[in-house]
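Worksheet: one structure, shown below.
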């Protein structure tokens, strides 16, 4: 199929065409395309079906927040389900399939669910399939899983490899857009060790999607120029295709690098993904903002997209998302979409702005104080209905660009239980100050919606970090950009005939939120669970704020009083394989054996997991039919004679040095500095908050030499605790310690009277 919607321009490499298939049909794109941009270039709008009602769905966004375009990539053992087409980089020979449909994408039998929507509304699963009880496991659950299932794994052994890595830096910058690039430049030139992580395959962020100029050159060119300058510095590490997915204590971050997803043949030495643990003294969140939609009747048809995505496909990929495009918005920045389309020769059928006082200098039909009240086109948008006052106008279009404003990407700032704060100026939530220790938030992620403010906030926050580090920034002027004030008026939904969709993937409507309130699920967390709003792969990135506004209206509260749901890691879906590296089969659950393992197995003892070890659970004898008989016999033996138990699984830590006794006195509730050489003492260990962490015995082997034992399960935790105390709380102490758990075997002997024991003698 020819690329009927491909335009001139963009950042793709026209000299490198790439062939791929979608649902066994051949297509072509270019290097630099995503699967989504290549499909749109070929005029493909229908890419999937929704989760519950199997409604036709098309590409909605251009980033990781995509709710609709979930596909299966590759075949056989390497089959990869539930991949967002918007982040899947195109390579030659890529095979992609739509999912969640049968027998085909255009004709899906389970679309009958849409006709039954009155019976399948919010919370229906709590009220149905209740009788008979025996039907649930054998009939109801299998049918529901098949009907609402997403992609599938092949079930075959996958030989893909994964890697783990660690990184340390003075400053981690999350996001390589204008604010992130400026922060990296200032910090690196001042001498800080910087890591710049960007989830896209190119740096620049929104600069690659806009036509604005920075210092007199296109924004994408300015971004490329800055990257070349950073590459020349030894104290900068640039991480592309790397998404920071979680924030944890002590400045630790989880990140996933997509190392080989974009390569047709990675070779034998390149992993598919690498899971990074990054420890940073300071961090800067420069993750930008995510555009939200407006809920109006039948707003989920293929061809209805976010306005920012339409600009991205136009300016970054050189792709028109339609032949005739309309714009529906409540803010001034969305008008840039219409302007860019006109400059590219695309017909703009109308601009519909909900604001009464809005204006435009563009020569297109303009409807201020109006709204889109309906649409038509089952498998692809054909027309929209514009309502102004009491007048309705039908306009034929094949693409509708929608913008309900921008939500700062606050998710990472909430991973340590902080809640964002409502900002009335931008009608969205912004990060709470100090939510993450030693993290600054800059640019659009902090509600600053123009490029000049992005640059200024980067300069301000980096200078504060430099001052605390005893360094000074090189004095340079900020790049020159046009200052554009972000103006927005509230508009969350439109009334009318037909369902107004909020969560596209989980088929949640405005009516569902209102029904949840009527049934007394008024709490934001209760509403979320009752309706499944925000519980899909996109985690509600497009829909959460609008849903909260609907909930607030239904409960008679303000949005700040209504609050937000909890944002949990990971920020984007993460493959379990990446976190487990190459752990599979025995490698997935390695077995650690004690010194008596062979002897225990020879005696027929069933082995059970005990922490990281395998231990015998009991020792059966001939004639015993169950474990209780064996255990009772063993108990009686210990109480009347003697018993021997291999306790080598207990953690053992060798502690030496002149200050070893200080460490033990600090971590235990009782004293060990008074313990005599050759003696053993029981100790109770507490956490920093006073809760019991562990208990065990410690022997004093010499004046400055101790051997600590811990419980089997807490051996690693105790070792980390000792490291923390020594490195962070008392680095001045002269001591060293190391785990010797596997170097020492330990046996416990219990007897009624040790005088009755007779040790074997040599013959």
Legend entry - Anisotropy class of the range 16-148 from Cα gyration tensor, a/c 1.5 cut: prolate
Inset, instruction - Would you kindly state how much longer the chain becomes between residue 749 and residue 702 on full extension, computed as 0.36 nm times their sequence separation minus their alpha carbon distance, in nm to one decimal? - result: 14.5 nm
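For the chain, what does the helix formula give at 222 nm: sum of -39500 (n - 2.57) over DSSP H segments with n ≥ 4, over the residue count, nearest 500 deg cm²/dmol? Write down the numbers at each step before the final one.
Numbers: 18 runs with 160 residues, N = 763.
-6000 deg cm²/dmol, from helical runs alone.
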Inset, instruction - Can you bin the range 135-176 into rounded, prolate or oblate? Criterion: square roots of the alpha carbon gyration tensor eigenvalues sorted a ≥ b ≥ c, rounded for a/c under 1.5, prolate for a/b above b/c, oblate for the rest. - result: prolate
Inset, instruction - Assign one of three labels to the range 651-744, namely rounded, prolate or oblate, based on the Cα gyration tensor with a ≥ b ≥ c the square roots of its eigenvalues; rounded applies when a/c is under 1.5, prolate when it is not and a/b is larger than b/c, and oblate otherwise. - result: rounded
Legend entry - Helix axis angle, 219-231 relative to the chain longest principal axis, alpha carbon, degrees: 30 degrees
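Using r as the Cβ-Cβ distance of residue 535 and residue 390, and R0 as 45 Å, what FRET efficiency do you calculate, to the nearest 0.05?
0.70
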Inset, instruction - Set the Förster radius R0 to 35 Å, insert the Cβ-Cβ distance between residue 636 and residue 526 as r into 1/(1 + (r/R0)^6), and round the FRET efficiency to 0.05. - result: 0.05
Inset, instruction - Of the listed values [x] 264; [y] 220; [z] 233, grab the one calculated as volume of the Cα convex hull per residue in Å³ from the structure here. - result: [y]
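Assuming R0 = 35 Å, can you tell me the calculated FRET efficiency for the pair residue 475 and residue 168, based on Cβ-Cβ distance, to the nearest 0.05? Present the calculation step by step, with values, prior to reporting the outcome.
Working: r = 29 Å, r/R0 = 0.83.
So the FRET efficiency works out to roughly 0.75.
Could you give the length gained on full extension between residue 482 and residue 217, defined as 0.36 nm per residue of separation minus the Cα-Cα distance, in nm?
In short, 94.2 nm is gained.
Show me 680-687, 374-381, 275-282, 85-92 ranked by packing, highest mean number of other Cβ atoms within 10 Å first.
85-92, 275-282, 374-381, 680-687
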Legend entry - Length added when fully stretched, residue 134-residue 342, from 0.36 nm per residue minus Cα-Cα: 68.7 nm
Legend entry - Counting DSSP beta bridges with both ends in the chain, the antiparallel % (nearest 5): 65 percent
Inset, instruction - Measure off 7 Å from each Cα along the Cα-to-Cβ vector at residue 23 and residue 8, then give the distance between these two points in nanometres to one decimal. - result: 3.4 nm
Legend entry - Over the chain, relative contact order from alpha-carbon pairs under 8 Å, at least 6 apart, %: 11 percent
Legend entry - Near-label residues of the range 654-670 by backbone N, under 19 Å of a point 7 Å along Cα→Cβ of residue 691: 667-669
Legend entry - Degrees between helix 544-555 axis and first principal axis of the chain (Cα, 0 to 90, nearest 10): 80 degrees
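Throughout, read-outs are computed from the coordinates displayed, never taken from laboratory work. This one's a predicted model, so the numbers in the text were calculated from it and none came from an experiment. So basically every Cβ, Gly included, is an ideal-geometry build from the backbone, and we count neighbours across all protein chains shown.
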